[in-house]
1. Here are D58, D106: which of them is within 18 Å of K25 (Cβ to Cβ), of a type outside the set (S, T, Y) and exposed (fewer than 13 other Cβ atoms within 10 Å of the Cβ)?
2. Could you list, in sequence order, all residues of region 5-28 that are part of a loop (DSSP other than H, G, I, E, B) and over 10 Å from I40 (Cβ atoms)?
3. Would you call P34 free of Cβ contacts under 8 Å to residues at least 60 places away in the same chain, in a loop (DSSP other than H, G, I, E, B), closer than 22 Å to E114 by Cβ and not β-branched (V, I, T)?
4. Please specify each residue of region 84-98 satisfying the condition of being touching a helix residue (DSSP H, G or I) at 6+ places or on another chain (Cβ under 8 Å) and crowded, with 20+ Cβ neighbours inside 10 Å.
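Since every read-out is calculated from the coordinates, none of them should be taken as a lab result. Computed from a prediction, not measured in an experiment: that's the story for all the values here. Quick reminder, even Gly has a Cβ in these numbers, built from the backbone with ideal geometry, and neighbours come from all protein chains shown.
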Amino acid sequence: MKLDTDNYKILIYTEDICPDCIDLKEKLNVGNIPFINKSITHTMDRTSNLDFDKVKADNRWDFIDLSHEYPEKVGFSPIIVIENNEGVIDDVFSLGEHEGGFQNTDEALAILQEKYCI
């Protein structure tokens, strides 16, 4: 499976301890499928700002915006976003029983292969 990188890029929103997120990242790496991981794991200790991770916080806000823009497609992590070569979102799909949802990472890879690979 080879991603059509001339036309698409993959962004995935994941949580650090999510088994499906870890599995998806491993399968994409093994398949040499390039992706940008955006961890949305909340890392801030409520009693101090010492553990604050600005990148993860920004990713989390991007995820919240995405869930408002595509409420019927954003379910549970991992969330896969396909952008075209102009940076416009072409598709969004995630784990769960909803429009475009997948039940496991093998189904997610099948969607990628069918629609976005050459």
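1. Answer to the selection: D106.
2. The answer is T5, D6, N7, I17.
3. So P34 passes the test.
4. Of everything in region 84-98, those that are touching a helix residue (DSSP H, G or I) at 6+ places or on another chain (Cβ under 8 Å) and crowded, with 20+ Cβ neighbours inside 10 Å turn out to be V92, F93, L95.
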